[in-house]
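> Here it is, the structure in full.
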Amino acid sequence: MRKKGHNTQKRKDMAWGYGMILPLFLGLAVFYFYPVVKVIYDSFFNVGAFDKRTFAGLENYKNMIADAAMWKSLGNTFLYVALIVPFTVILALILAELLNQKMKGRDVFRVIYFIPTVTMTVAIAMMWRWIFNGDFGILNHIVGWFGGSSHYWLSEKPIALICVGVVSVWMGVGLNMIILLAGIQGISASYYEAAKIDGASPVRRFFSITVPLITPSLFFVLTTTLISTLQIFDVIYMMIAPKSTALVDTQSVVMYFFRNAFEYSKKGYASAIAVLLFVIIMAITALQMKLQRKWVNYD
Amino acid sequence: MKKSIVFILAAMMVCSCLFAGCAVPGNTSTDTATQSEPAAPEATATAQTPAEPVEIHYAYWASPMDAFYAECKTAFEASHPNIKIILEPTAWTEYWTKLETATTGGSVADVFHMNGVNILKYADGGVLLPLNDYIGNSSVDLNNYPKAMNDMYNYKGTQFGIAMDYDTIGLWYNKTLFDQAGIAYPTSDWTWDDLTEAAAAITALGNDIYGIAAGFEEQAGFYNTVFANGGWLVNGDTFGFDDPNTRAGIQCWVDLMKAGYSPSEASLEENASYLQFMAGKLGMIFSGDWMAAYYSSADSTVAAVCDVAELPLMSNGARASVIHGKANCISASSAHPDEAWAWVEYLAGAEANKRLGEMGIAIPSYMEYSSLFFASYPQYNMSIYSKAAEEYSYTYPASLARPDWMDIVRTELQKAFSLQVTVDQACDAIMDQLG
């Protein structure tokens, strides 16, 4: 009798629990799980304008493998990763450490570095487009003072991609810095005191105490930056004019996906591209999860 | 940070690349769902009380014409108390994405704007209301509009849209720079060689001034010279970039680039040619009639010293101008096709076209009122635009089979305009992809 009562209570609690997470779960199901399944499903169809579809089997995947423009955009994406991820993470770590020191105007600097994160990408892109403008941009003026030659920064082949990368780093540093700063502040002051008594220099304290103890935050920052860079889209979309000569040399996979889906109405093919990117990101992330055992301390 | 939290967040981000695939239509369909929400109780209300007006949603891309639609709405609602027009402007860059998503989702506006690039897709997709019967039973006479405009919105014998305006291309020039270079202004007898000479003389003035904008442009660029040269671009699912006449119509622009008479392709991409012309940096530019509003505006430093002439004759003695214009189409899924037609009929009629001409925003497609637009710019020789439409206009090219053809052409030809490859190499690359 007593046992039964206990069970009813437990069941009641469970019902409450499920009831509480239901709204969120419904939201996830409609806007998250359904689209994921739908994209995988669509990748096996030819989906034309106005959702007209015919079954295509593996045709989209076969076309994708033969599509030079797709591989080019995938290559661009990895160039972005190579450029953006290390710089964002290292800069964020250095800034977090510096802004953890006791100094005047510390809060002002924290806000300044965080501002790009809360600014609209469109506004940022507009501003940088003027800075990079080949005829009137301030960058060419500054380069001119030092005797450098002018460039059409956003129209020339290798430079345009680097410019997009620079802006992405500038935008991404703030948020990662805050996460790392929170991690650093969670480290007990006693470690530092002990190290100081032992005569460790600030640099030594940074590498021997701070870095090992914030590896969980560092791992998080690294993983999320990597994933978001593999999905880079909005900065390119806003900074490189749709009719730019540099488009082919700067577009990422997601950008190429977007153009296929929404400009050429090839949604089935676009879905196949999305699935490929999904597999790539999943593989890289799984690898990271495996490797973290070697360098991340969770206690 | 907890290990499990890191794992969950990372897993969610991994999936979000697929999520992104559906995010756009997902969001848009919620947008349109909220848009159509007020219409639902409206519909039931109409059934109960017929006095309640029917709502007709009118979607278009935002442009200087917005003021015209607002005036038309006021006038139309006064004469049609049973119909209420809901204006739904969208930025040009998002217009087509939004229209297609809304059409697929069945929540598209009753009446919407169409252009020459997209009409084939929409007509072929069966999402437009055929207008033949409506036109037959109304006062609309298609002979009042340029034939090229009617043809553009006619798909396999069915009329799917009625043009509102049309535009052709002319040669604008900066008189001050011509005077400084000591050369005569362009005339109707001008040939491409005359244009090249003038461009050379103006470029020689130095000081970052160039003779002409010779960058990659479609409607206001090589399309015109290709047609004038006897070349062709698209015919069904075949493409004309192998034709030597087509290549010659592109080569003449690249020659200007090579000679250095134009700002570089990169410069023209980063700072649009019309802005450079308005800043007094260019001697000549190919522009449509709608640019008169910009060139005469307070932002233009050349408003008082520029004018427009006919496009030059090519070496074969021919000239050509691309003609294009937007049209109103009715959605096949509209719940109120008759009321939607009433609005389209009004916009196609004399009153609306007269207003459009008088406002000086675009050339009204109703040819009788075209001259009203030109009268808004008495300082410029605007009549060359109607002459172009009547005497040597070519319909804006479009392809149903290859929606990506324009991107392929742009990608390859921009390399030629940037002087990285020759025109022949670029055209061969185009045919490799489109052949």
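> Nearest 10 degrees, 0 to 90: what angle lies between the long axis of helix B:39-48 and the longest principal axis of chain B (Cα atoms)?
50
> Now, a different point. Based on C-alpha coordinates, I'd like the Rg and Dmax of the stretch B:43-156, in Å.
Answer for the stretch B:43-156, Rg first and Dmax second: 15.8, 45 Å.
> Which whole-Hz ³J(HN,Hα) couplings does the stretch B:266-274 yield from phi under the Karplus relation 6.51 cos²θ - 1.76 cosθ + 1.60, θ = phi - 60°, glycine and proline marked x?
Values per residue, Gly and Pro as x: 4, 4, 6, 6, 7, 10, 3, 4, 5 Hz.
> Here is a further query. If you take the alpha carbon radius of gyration of the stretch A:67-295 and divide it by 2.2 N^0.38 Å, what ratio comes out, to two decimals? Working shown, then result.
Working: Rg = 20.4 Å, N = 229, 2.2 N^0.38 = 17.3 Å.
Cα-based Rg divided by the globular estimate yields 1.18.
> Then there is this: Taking square-rooted eigenvalues a ≥ b ≥ c of the alpha carbon gyration tensor, is the protein assembly as shown rounded, prolate or oblate, where a/c under 1.5 means rounded and, failing that, a/b exceeding b/c means prolate?
oblate
> Hey, got the Cα dimensions of the stretch A:2-42 along the principal axes, in Å, largest first?
Over the stretch A:2-42, Cα extents along the principal axes are 54, 17, 6 Å.
> Which lysines, if any, have their Cα less than 28 Å from the Cα of A:K10, not counting same-chain residues under 8 positions apart?
The reachable lysines, counting only those whose Cα sits under 28 Å from A:K10, are B:K2.
> Something else now. Modelled label-to-label distance, B:S139 and B:A78, 7 Å Cα→beta-carbon offset: nm?
Reported label-point gap for B:S139 and B:A78 is 1.6 nm.
> Moving on. Taking every DSSP beta bridge with both residues inside chain B, roughly what % is antiparallel (nearest 5)?
Details: 23 of 39 bridges.
The antiparallel proportion sits near 60 percent.
> Using each residue's phi in the stretch B:214-223, evaluate 6.51 cos²θ - 1.76 cosθ + 1.60 at θ = phi - 60° and report the 3J(HN,Hα) Karplus result to the nearest Hz, with x for Gly and Pro.
10, x, 5, 9, 8, 4, 9, x, 5, 3
> Taking chain B on its own, what percent of its Cα-Cα pair distances exceed 34 Å?
Details: 37675 of 94395 pairs.
The calculated P(r) of chain B puts 40 percent of pairs beyond 34 Å.
> Quick check: the distance between the Cα centres of the stretch A:268-296 and the stretch A:16-94, to the nearest angstrom?
Using only Cα atoms, the two centres lie 11 Å from each other.
> Another question, then. Once you've got the GNM for chain B with C-alpha springs shorter than 10 Å, pick whichever of B:M406, B:M149, B:M278 has the biggest mean-square fluctuation.
Looking only at B:M406, B:M149, B:M278, the biggest GNM fluctuation is shown by B:M406.
> May I ask for the equivalent-ellipsoid semi-axes of the stretch B:192-323, computed as the square root of five times each C-alpha gyration tensor eigenvalue and listed largest first in whole Å? Could the numbers behind the result be given before it?
Working: eigenvalues 132, 54, 38 Å².
In descending order, the three semi-axes are 26, 17, 14 Å.
> Hey, another quick one. Using the Karplus equation 6.51 cos²θ - 1.76 cosθ + 1.60 (θ = phi - 60°), what ³J(HN,Hα) coupling, rounded to whole Hz, does each residue of the stretch A:141-152 give in order, writing x for Gly and Pro?
Here the 3J(HN,Hα) series is 5, 5, 4, x, 4, 8, x, x, 9, 6, 9, 8 Hz.
> So, one more: Given a 1.4 Å probe and every protein chain left where it sits, what share in percent of the accessible area of the protein assembly as shown is carbon and sulfur?
Details: 20790 of 33670 Å².
C and S fraction of accessible area: 62 percent.
> Still on this structure, please answer the following. Probe radius 1.4 Å, ligands and nucleic acids left out: which of A:Y34, B:Y69 has the largest accessible area, and how do the rest follow? Don't skip to the end; give the middle numbers.
Numbers: A:Y34 135, B:Y69 0 Å².
So, going from the largest accessible area down, we get A:Y34, B:Y69.
> Using a Förster distance of 51 angstrom, determine the FRET efficiency expected from the C-beta separation of B:I86 and A:A182, and round it to 0.05.
Numbers: r = 48 Å, r/R0 = 0.95.
In this case the efficiency is close to 0.60.
> Which cross-chain or sequence-distant (5 or more) residues have an amide H under 5 Å from the amide H of B:T395, H modelled 1.01 Å from N in plane?
For B:T395, whose amide H was placed from the backbone, the distant partners under 5 Å are B:I323.
> Further question on the same structure: Taking a ≥ b ≥ c as the square roots of the Cα gyration tensor eigenvalues, with a/c under 1.5 meaning rounded and otherwise prolate when a/b beats b/c, else oblate, which class fits the stretch A:222-280?
It comes out oblate by the Cα gyration axes.
> Could you work out how far the C-alpha centroid of the stretch A:201-267 sits from that of the stretch B:128-199, in angstrom?
45
> Per residue of A:30-39, what is the mean number of Cβ atoms on other protein chains within 10 angstrom of that residue's Cβ? Each step should come with its number before you reach the end.
Values: counts 2, 6, 8, 2, 3, 10, 7, 2, 5, 6.
Partner-chain Cβ atoms within 10 Å, mean over residues of A:30-39: 5.
> Under 19 Å Cα to Cα from A:K196, which aspartates and glutamates show up? Leave out anything in the same chain fewer than 8 places away.
A:E97
> Another one. What number does the stretch B:156-265 give for Rg over Rh if you use C-alpha atoms and the Kirkwood radius? Please report the intermediate quantities before stating the final value.
On the way: Rg = 16.9 Å, Rh = 15.9 Å.
That ratio equals 1.06.
> Of B:K98/B:K121; A:K243/B:K415; B:K175/B:K258; A:K52/A:K243; B:K156/B:K354; B:K175/B:K326, which pairs sit farther than 20 Å apart, going by alpha carbon to alpha carbon? Before the final figure, lay out each step's value.
On the way: B:K98/B:K121 15 Å; A:K243/B:K415 12 Å; B:K175/B:K258 25 Å; A:K52/A:K243 29 Å; B:K156/B:K354 31 Å; B:K175/B:K326 32 Å.
Exceeds cut-off: B:K175/B:K258; A:K52/A:K243; B:K156/B:K354; B:K175/B:K326.
> While we're here: For the pairing of chain A with chain B, what total accessible surface becomes buried, with a 1.4 angstrom probe, in square angstrom to the nearest 100? If you can, show how the numbers build up before the last one.
Numbers: alone 18610 and 19330 Å², together 33670 Å².
The summed interface area works out to 4300 Å².
> Taking H as built 1.01 Å from N, whose amide H comes closer than 5 Å to the amide H of B:I169, not counting residues under 5 places away?
Counting only residues 5 or more places away or on other chains, the set is B:V322.
> Can you give the mean number of other chain Cβ atoms that lie within 10 Å of the Cβ atoms in peptide A:143-154?
Mean partner shielding for this stretch: 1.
> Label the stretch B:339-418 by shape, choosing from rounded, prolate and oblate, from the square roots a ≥ b ≥ c of the eigenvalues of the Cα gyration tensor; if a/c is under 1.5 it is rounded, and otherwise prolate applies when a/b is larger than b/c, oblate when it is not. Can you show the working numbers first?
Values: a/c = 2.85, a/b = 1.54, b/c = 1.86.
Since a/c reaches 1.5 but b/c is at least a/b, the shape of the stretch B:339-418 is classed as oblate.
> Also, quick follow-up: Quick one: which residues, 5+ away or cross-chain, put their amide H under 5 Å from the amide H of B:E55? H built at 1.01 Å from N.
Placed amide hydrogens put B:K84 under 5 Å from B:E55.
> Looking only at A:P86, A:P212, A:P23, which one moves most when chain A is put into a Gaussian network model with springs between Cα atoms under 10 Å?
Of the options given, A:P23 has the highest mean-square fluctuation.
> Rounded to the nearest 5, what % of DSSP beta bridges with both residues in the protein assembly as shown are antiparallel?
Numbers: 26 of 42 bridges.
Here the antiparallel bridges make up roughly 60 percent for the protein assembly as shown.
> Label points 7 Å out from Cα along the Cβ direction at A:K38 and A:K52: separation in nm?
Each label point is offset 7 Å from its Cα along the Cβ direction, giving 2.1 nm.
> With labels modelled as points extended 7 Å from the Cα through the Cβ direction, what inter-label distance (nm, one decimal) is found for B:A304 paired with A:V143?
Each label point lies 7 Å from its Cα, and together they span 3.9 nm.
> Compare A:S208, A:S73, A:S190 in a GNM of chain A, Cα atoms joined below 10 Å, and give the one with the largest fluctuation.
A:S190
> Using the beta-carbon distance between A:T119 and B:E390 and R0 = 35 Å, what value does 1/(1 + (r/R0)^6) give for FRET efficiency, to the nearest 0.05? If you can, show how the numbers build up before the last one.
Working: r = 52 Å, r/R0 = 1.48.
The formula returns an efficiency of 0.10 here.
The values are calculated or read from the model by the stated rules, or taken from the named source; none is laboratory data. Remember, it's a predicted structure, so these values are computed and weren't measured experimentally. Note that each Cβ is placed from the backbone with ideal geometry, even for glycine, and that neighbours are counted across all protein chains shown. The accessibility values were calculated without ligands, DNA or RNA, using every heavy atom of the protein model including side chains. Shrake-Rupley method; radii C 1.70, N 1.55, O 1.52, S 1.80 Å.
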